[in-house]
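Sending over a structure as structure tokens; questions will come in a sec.
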Amino acid sequence: MVEGVKKGKFISPNDALQQAKDLMLEGRDPESEDDWILIVNCWGGNFIEGTEVSLCNILRLLLKVPLNEDQVTAIAEFQARKK
């Protein structure tokens with residue numbers, strides 16, 4: 001489990017990016033909600049300022065991410081504030 005995420009705390013963009021890279025370098029698709037949380041944190045931390053929420057939610061729909069819109073929006077907004 002991604003520590004702190006379930007309790008309303010988020011990991012830093014740098015930690016999310018590194019953990020998401022590690023996940024992807026293993027050559028496997030995201031399998032759990034925690035894997036997807038890492039990836040959405042990574043997205044939110046790397047999109048152009050002001051586009052994080054909309055782009056994360058577009059990707060959520062396109063990739064059928066098993067997180068709801070409120071979860072993805074909260075993660076993206078947090079990552080946007082951290083910039």
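Of a type outside the set (Asp, Glu) and at pLDDT 90 or above: does that describe Ile58?
Values: of a type outside the set (Asp, Glu): yes; at pLDDT 90 or above: yes.
The answer is yes for Ile58.
Of all residues being within 17 Å of Asp35 (Cα to Cα) and among the aliphatic types (A, V, I, L, M) in region 63-82, which is surrounded by the fewest Cβ atoms within 10 Å (Cβ to Cβ)? Just the residue, please.
Selected residue: Leu63.
Name the single residue that is farthest from Ile75 (Cα to Cα) among those in region 11-63 being in a helix (DSSP H, G or I) and among the basic types (Lys, Arg).
Step by step, filter region 11-63, then rank; the result is Lys21.
The values are calculated or read from the model by the stated rules, or taken from the named source; none is laboratory data. This is a predicted model, so every value here is computed, not measured. Backbone-built Cβ (ideal geometry, glycine too); neighbour counts: all protein chains shown.
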